[in-house]
Structures are given as C-alpha cells and as structure tokens.
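Engineer: Before I ask anything, here is the structure I am working with.
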Amino acid sequence: MQGELGVWLASLEDERRAANRKGLVRLAFTLPVVLGALLFSLVALDGNWLNKILGTLAILAFVYMWAQAPARALMPAVKIETNTEIARAMKLEYQAYPNANFAYECGTYFGLLPVHDKAEFEDLWIGEFDERAFELIEVHLQKRQERGNKRHWSNVFRGALLSIRTRSQFKGATLIREKDDLRDWSETYLLNSPASPIELGMAPVPTSNADFDGRFECYSEDPEEAKRLITPQVISEINRMEGLFGAGRHTSAIFHDGYFVLIIESGNLFEGSSHGTPNDHEAIASTIEQFARIAEVAKAV
C-alpha cells in the first residue's frame, strides 16, 4: 500500500520487531535460571514426581507468558492504530470503543436485535457518503444464562449496524425482518412484547417480490409510504447482505427518523491487523472490503 498508510505499516514492523526482541531478551535471561532450578528440584529434592512435573510445566508456562507480554500488550494498540489509519485514508472518523448509538437504539426498540443483558460496542466509523451522514458500528450482545448454581454469559449476536440518512423524506417507521419460522434467535422476537410491530401500531406491507416476501416480512406505520421506500434496489441490497457472511446469518432493516438502519449478524469484522502476522496488507484490504460491502447499501437509499 502506498501513501501515509504504507509509511505507517513500515513503522508498525519496527514496533513488532522491538516487542519480539524484548520477549527474546526475557527468555534469554530467565529460562536458563529457571531450567536449572527446576532440574535441581526434580533430581535432588524428595517429593511426588507427578506434582514435580506438573509444577515444572506450570512454571515454564508462566515464563513463556511473561516473555510474550510485550507482544500481547501491542495487539490492542495495533488494531486501533491500524483502523485509525484506514479511517484517515478514507477520510472518516474512527472510535475503537464507542457508546451505544442511534442504530443500536433503533434495533433494540423495534425488536430487531436479540434479547440481551449486556451490550459491548467497538469499531465505530463516522463519515459521509454522497453528502449524507452515516455511522457503522460493531455490536456484541450477550445474555446471562443460569444452570443450577452456575452462571455464564452466552453470545447471542455479533455484527455490524449501519445507519445512513436517506435521500427521500418520510414520516413513519418501516421495518423489514425475517419471518417468524425462519428465526432461530431464542426469545428474540416476542410477538406480544412492546417491541412487536403490532404493539407499535404497524401494519403488514407486502412487496411485489414473491421470493423476498417468502423470507422477509415488512411492517410500517404508513403502508403507502413503505411501498415507496422498499424499492427493488433496497430489496436487492438486503438479499445481497443476507448472503455475504455465510449461512445462519441474519439481516434486518428499518427506516426511521430520516435514516435507514441495516443490521447484519456478520461475526467479528474490521480486524485490520494483529501482532505477529506478516499479512498486514491482506488484513487491511479485507477490512476495507468489508466496509465497502456494507457501505454499498447507501446507494440504494
């Protein structure tokens, strides 16, 4: 890659080499001493051999982790710096750990996100497309599970949420989601909950696309307005997004308050780099491609 991004990638290699050297120095100074002490304890001291071996392995693991600490400490910074440089190259603003935004609030209110107890946000991209404001954020949702006396967190959603101001003006809310029998998120859509379309005063809106209507259902506060908003281009983009990230993924959308919000269960995105990989250029290209695929939806609204 050329330009400022290419210069920064070269400097990143220097940081990686420095972190690796620091780890090797730690090993060089500590490993001989630790191995000598362990050998003495195994041969000269009495005790259970199994406990000695297990203790030896535990100490060696600790030494290895300590030697790897400089490299591990670099990893979060590498991702943040890489995405910041990508954003700068694309004239965008980037935030690594943002707060909840408009798209998340829409998805939660209209029941387009799974029921969850904890939400984490990362990788917020802010900018303009065709002179229209947009935001793209990654969301990780978890639900608390209980089995007897044991509690654990279960992942229920990880994906990208795009919000972009539309060209056309509209007054009511219109949502698009998978049909009931195609959903596999437990407790995600509760038909009698406050977030259900019926409780929100929405009416069903059929489109002119039979295949789309077989998989998705549309609801709107203004059915006539919805028919104008759900164009063949919008249907095409939702179909495309549904197939981009593999089987079992979910895609939904809503027109609300002058914005089009797209929700895509896509897994972990925007991993532009990580410590120790020689594939920075490929990882960055993948991040830009992921971003471009989702941002392409903006052309349809």
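The values are calculated or read from the model by the stated rules, or taken from the named source; none is laboratory data. Owing to the predicted nature of the structure, the values given are computational and were not obtained by experimental measurement. Cβ: placed from backbone, ideal geometry, glycine included. Neighbour counts: every protein chain shown.
Engineer: Among the candidates PHE255, PHE212, single out the residue that is at pLDDT 80 or above, within 27 Å of ARG132 (Cβ to Cβ) and assigned to a strand (DSSP E or B).
Structural biologist: Exactly one residue qualifies, and that residue is PHE255.
Residues checked against (1) over 12 Å from ILE176 (Cα atoms); (2) of a type in the set (A, V, I, L, M); (3) part of a loop (DSSP other than H, G, I, E, B); (4) at pLDDT 85 or above:
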{"site": "TYR219", "(1), (2), (3), (4)": "no, no, no, yes"}
{"site": "GLN233", "(1), (2), (3), (4)": "yes, no, no, yes"}
{"site": "ARG240", "(1), (2), (3), (4)": "yes, no, no, no"}
{"site": "ILE263", "(1), (2), (3), (4)": "no, yes, no, yes"}
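Engineer: Another one. Could you check, for the range 141-157, whether at least one of its residues is modelled with pLDDT of 90 or more, crowded, with 22+ Cβ neighbours inside 10 Å and over 13 Å from GLU265 (Cβ atoms)?
Structural biologist: No - not one qualifying residue is present in the range 141-157.
To keep it simple, each residue is scored yes or no on (1) in the same structural domain as LYS179 (by TED's automatic domain parsing); (2) under 24 Å from ALA283 (Cα atoms); (3) in contact with a Lys or Arg (Cβ under 9 Å, 6 or more places away or on another chain); (4) of a type in the set (S, T, N, Q).
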position: TYR97; (1), (2), (3), (4): yes, yes, no, no
position: TYR109; (1), (2), (3), (4): yes, no, no, no
position: VAL115; (1), (2), (3), (4): yes, no, yes, no
position: PHE129; (1), (2), (3), (4): yes, yes, yes, no
position: LEU136; (1), (2), (3), (4): yes, yes, no, no
position: GLN145; (1), (2), (3), (4): yes, no, yes, yes
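Engineer: Farther than 21 Å from ALA298 by Cα and part of a loop (DSSP other than H, G, I, E, B), is that true of HIS116?
Structural biologist: Criteria met by HIS116.
Engineer: OK, next. I'd like the full set of residues that are under 23 Å from GLU131 (Cα atoms), more than 16 Å from the chain's Cα centre (by Cα) and crowded, with 19+ Cβ neighbours inside 10 Å, limited to the range 93-121.
Structural biologist: Hit for the range 93-121 is CYS106, nothing else.
Engineer: Next question, about the same structure. Can you pull out every residue in the range 111-152 that is farther than 20 Å from ASN99 by Cβ and hydrophobic (A, V, I, L, M, F, W, C)?
Structural biologist: VAL115, PHE129
Engineer: Another one. Can you tell me which residues in the range 218-233 are buried (at least 20 other Cβ atoms within 10 Å of the Cβ) and under 28 Å from the mean Cα position of the chain (by Cα)?
Structural biologist: Of everything in the range 218-233, those that are buried (at least 20 other Cβ atoms within 10 Å of the Cβ) and under 28 Å from the mean Cα position of the chain (by Cα) turn out to be CYS218, TYR219, LEU229, ILE230.
Engineer: Then there's this: Taking the condition modelled with pLDDT of 75 or more and assigned by TED's automatic domain parsing to the domain that holds LEU161, does GLU271 pass?
Structural biologist: no
Engineer: Further question on the same structure: If we scan the range 164-174, do we find a residue that is in the same structural domain as ALA133 (by TED's automatic domain parsing), part of a strand (DSSP E or B), at pLDDT 90 or above and within 15 Å of GLU265 (Cβ to Cβ)?
Structural biologist: Checking the range 164-174: not a single residue is in the same structural domain as ALA133 (by TED's automatic domain parsing), part of a strand (DSSP E or B), at pLDDT 90 or above and within 15 Å of GLU265 (Cβ to Cβ).
For (1) without any contact (Cβ under 8 Å) to a residue 60 or more places away in the chain; (2) assigned to a loop (DSSP other than H, G, I, E, B); (3) acidic (Asp, Glu), each residue gets a yes or a no:
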{"site": "ASN99", "(1), (2), (3)": "yes, yes, no"}
{"site": "ALA103", "(1), (2), (3)": "no, no, no"}
{"site": "ILE126", "(1), (2), (3)": "yes, no, no"}
{"site": "PHE134", "(1), (2), (3)": "no, no, no"}
